[in-house]
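Written below as structure tokens is the structure these notes are about.
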Amino acid sequence: MDKSAGLKGFAATQVPIDAARIARFEIEEFNTAYAATLDAGKVEDWPAFFTDDALYRITGRDNADADLPVGLVLCEGIGMFKDRALAIATTMMFAPRYLQHHITNVRVLALDGEVITATANYALYQTLVDERTTLQQIGRYYDRFVRRDGTLLLQERHCVYDSLIIDTALIYPV
Amino acid sequence: MPDSAQTPHTNEPTRVWPAGGLQAIPDWVYTDPAIYQREIERIFHGRTWNFVALEAELPEPGCFKRSFVGPTPVIVARDTNGFHVFENRCAHRGAELCRPASGKATELVCPYHQWTYDLAGNLTAVPFRRGIKKQGGMPADFKLAEHNLRQLAVTTRGGVVFASFCRDLEPLEDYLGPEILADFDATFDGRPLQILGYYRNTVPGNWKMYHENLKDPYHATLLHAFLVNFGLMVAGNKSAMIVDASGRHGTMASAKPDQPMVDEASKQEMRAFSETMTLNDTRFLEYVREFTSPWSVTMQTIWPNLIVQRELNTLGVRQIVPSGPHEFLMIWTMFGFTGDSAEMTRHRLRQGNLMGPSGFLGLEDNEAMKFVQEGVVRSSTDVSYIGLGGTEEGTVDHLISEAAIRSMYRHYREVMDL
């Protein structure tokens with residue numbers, strides 16, 4: 001277990017404090033809306049948080065540390081986001097559930113024009129009918145945001161989870 | 001019911017199989033702790049070859065990884081003589097000595113009292129063996145060689161490493177039989193493997209359900225809308241559920257037609273079918289023909305702990321690690337081949353969305369098995385009905401039969417003396 005490694009391409013740089021303060025507020029606003037959408041079960045609205053050429057991946061920290069490319073979920077391009085969202089919303093079979101995302105520790109790693117590189121920690125709680133609430137995942141987002149017309153969109157989101165053993169199935173996007 | 005004859009917490013089950021033969025599966029095979037203990041002794045620790053690793057995970061001498069044979073933790077290690085598998089339990093006080101998932105070392109040292117083993121599991125050193133200042137130490141007749149880690153038999157084929165607690169087991173090729181070996185060799189065709197990564201998940205169900213699910217092609221065309229709608233596995237496609245002579249192994253095989261065709265009668269039967277469901281991005285359904293096989297999909301159930309997944313171009317092995325009658329851990333190792341182009345690797349990774357605990361198909365299977373375990377544990381009735389295809393057993397060349405499940409239980413009942 002190499003615990004030092006973050007994800008490649010997500011090194012911390014010196015960020016001017018005023019710019020970081022603004023970026024951090026924008027990211028907090030973004031993540032709050034992102035969580036609210038998923039927690040409300042509006043999975044078909046989830047692709048709208050991403051650019052058309054976005055990359056989304058959920059993977060274990062063991063894979064990230066070993067630079068192994070596999071994704072539990074891997075979406076390349078908006079078409080794949082929409083297909084997954086539609087499948088979850090309409091065709092896939094799974095038990096109904098509530099989800100709650102708690103997103104914290106937003107850290108601005110780099111600013112480059114309209115591109116913001118950042119991380120945040122997340123905890124994802126899950127509640128099923130007649131079952132106790134469980135911690136479904138804890139992990140970290142490795143994000144690349146672009147600012148378009150004053151609004152942030154995700155160009156890249158890697159959800160790297162510490163909780164390496166998934167309980168049964170991970171249905172919704174993280 | 002004969003259930004009442006069962007004395008709890010004994011290792012001598014007095015269970016009696018219900019009337020109905022192989023069409024009836026009693027709930028207690030999924031729930032009884034005594035049955036589970038007997039499965040460990042007679043199946044996982046018995047005359048079986050168990051998957052433990054891919055050779056590509058241990059690419060050179062000095063590499064080791066944690067693994068399991070049934071629920072039992074083992075270490076797989078490679079030295080200049082080849083692969084070794086031994087129990088991950090110090091001969092001294094029983095500590096599970098190897099903690100990292102994998103690594104490189106010249107020797108393995110138990111952190112508790114520094115008993116030291118080589119990469120074949122032989123004890124090589126014990127601190128203060130002669131005591132200190134003529135006081136203490138091991139008895140005069142203490143022999144290192146009598147305190148090695150428990151070593152298992154090892155065999156490999158096509159880059160896959162198997163181990164067994166049984167020292168006089170038939171060769172893997174005979175254990176698998178020619179029908180299963182053919183599709184195994186089609187997947188592991190000699191190209192060196194490239195590890196793409198891991199998934200791990202628990203399933204709150206009995207470990208046998210995972211075998212049953214992949215010996216049950218009936219569900220594939222009903223539960224999985226993705227298979228049905230995109231023509232990957234449709235009742236009417238060229239397909240087979242292949243069973244070896246012993247009944248324990250299986251291959252669910254299907255050939256993807258160039259133009260998916262679903263006849264009107266089948267559409268009526270399959271609720272999951274939707275004429276209007278289309279994909280925005282169809283790349284991950286593409287099949288690059290790379291195998292010498294008539295099948296585009298083979299899902300192999302290799303008794304007792306291995307699934308070999310060749311779903312179009314997404315490849316993986318799944319290791320079943322039971323942790324009691326009610327739950328098992330699945331360890332998925334996804335791979336490609338070292339000669340793959342960057343684009344082929346991306347294709348395999350994209351197609352990986354089908355499988356795993358978040359896969360379009362995989363998550364539905366896990367959910368369904370959870371539902372079944374909850375049903376067999378909590379309900380008042382106590383027998384499942386496996387009557388599809390009547391009493392037929394063995395290989396069938398269509399999808400609407402449970403013959404392979406019956407074959408598995410014929411073997412199971414013999415081994416388990418039930």
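The values are calculated or read from the model by the stated rules, or taken from the named source; none is laboratory data. Source: prediction; values computed, not measured. Cβ coordinates were reconstructed from backbone atoms using ideal geometry, including for glycine residues, and neighbour counts include every protein chain displayed. Just so you know, the surface numbers come from the protein's heavy atoms only, side chains and all, with ligands and any DNA or RNA stripped out. Shrake-Rupley method; radii C 1.70, N 1.55, O 1.52, S 1.80 Å.
Under the combined filter of DSSP loop state and at most 12 neighbouring Cβ atoms within 10 Å, the stretch A:35-127 retains these GluC sites (Glu not before Pro): A:114.
The stretch B:177-416 gives an Rg/Rh value of 0.94, both radii derived from C-alpha positions and Rh following Kirkwood.
Assuming charge only on the beta carbon of Lys and Arg (+1) and of Asp and Glu (-1), the dipole of the protein assembly as shown about its Cα centre is about 1900 debye to the nearest 20.
Under the combined filter of DSSP loop state and at most 13 neighbouring Cβ atoms within 10 Å, the stretch B:54-125 retains these GluC sites (Glu not before Pro): B:96, B:107. Charged side chains reduced to their Cβ positions (Lys and Arg at +1, Asp and Glu at -1) give the stretch B:288-418 a dipole of some 340 debye around its Cα centre. Nonpolar atom fraction for the stretch A:17-160, defined as the carbon and sulfur part of the 1.4 Å probe accessible area, stands at 51 percent.
Measuring heavy-atom accessible area with a 1.4 angstrom probe and counting protein chains only, the residues of the stretch A:87-114 that give up at least 20 Å² relative to the chain alone are A:87, A:91, A:92, A:93, A:95. Accessible surface buried by the B/A pair amounts to about 3200 Å², both sides summed, 1.4 Å probe. For residue B:283, the accessible surface of its heavy atoms amounts to roughly 80 Å² (probe 1.4 Å, protein chains only, rounded to the nearest 10). Other protein chain C-beta atoms within 10 Å of residue C-beta, averaged over B:350-358: 6. Sorting B:310, B:413 by accessible area puts them as B:413, B:310; the probe is 1.4 Å, largest comes first, and only protein heavy atoms count. Peptides B:136-146, B:205-215 ordered by packing proxy, namely the average of other Cβ atoms within 10 Å per residue, highest first: B:205-215, B:136-146.
Within the accessible surface of chain B, defined with a 1.4 Å probe on protein heavy atoms only, the carbon and sulfur portion equals 51 percent. Quick one: pull the percentage of alpha-carbon pairs in the stretch B:280-418 with a separation above 18 Å. So the portion of pairs separated by more than 18 Å is 68 percent. Projected over all directions and averaged, the alpha-carbon convex hull of chain A occupies 10.2 nm².
Taking only the C-alpha atoms of the stretch B:91-160, Rg followed by Dmax gives 14.8, 54 Å. Its DSSP H runs of at least 4 residues, each contributing -39,500 (n - 2.57), put the calculated 222 nm mean residue ellipticity of chain B at -5500 deg cm²/dmol, to the nearest 500.
In units of the rule-of-thumb radius 2.2 N^0.38 Å, chain B shows an alpha carbon radius of gyration of 1.07. Pairs of Cα atoms nearer than 8 Å and 6+ residues apart set the relative contact order; for chain B it is 19 percent.
The equivalent ellipsoid of the stretch A:1-92 has semi-axes of 26, 21, 12 Å, largest first, where each one is the square root of 5 times an eigenvalue of the Cα gyration tensor. Kindly tabulate the residues in the stretch B:191-214 with an accessible-area decrease of at least 30 Å² between the chain alone and the assembly of all protein chains, using a probe of 1.4 Å. Listed in order, they are B:196, B:198, B:199, B:200, B:202.
The figure for residue B:185 is an accessible area of roughly 50 square angstrom, using a 1.4 Å probe on the protein chains alone. Solvent-accessible surface of the stretch B:125-178, taken per residue with a 1.4 Å probe and all protein chains present: 61 Å².
If you average 1/r across every pair of different Cα atoms in the protein assembly as shown and take the reciprocal, what Kirkwood value do you get, in Å?
Hydrodynamic radius (Kirkwood, Cα pairs) of the protein assembly as shown is 25.9 Å.
Each helix, a run of at least 4 DSSP H residues, gives -39500 (n - 2.57); summed and divided by the residues of chain A, these come to -6500 deg cm²/dmol at 222 nm.
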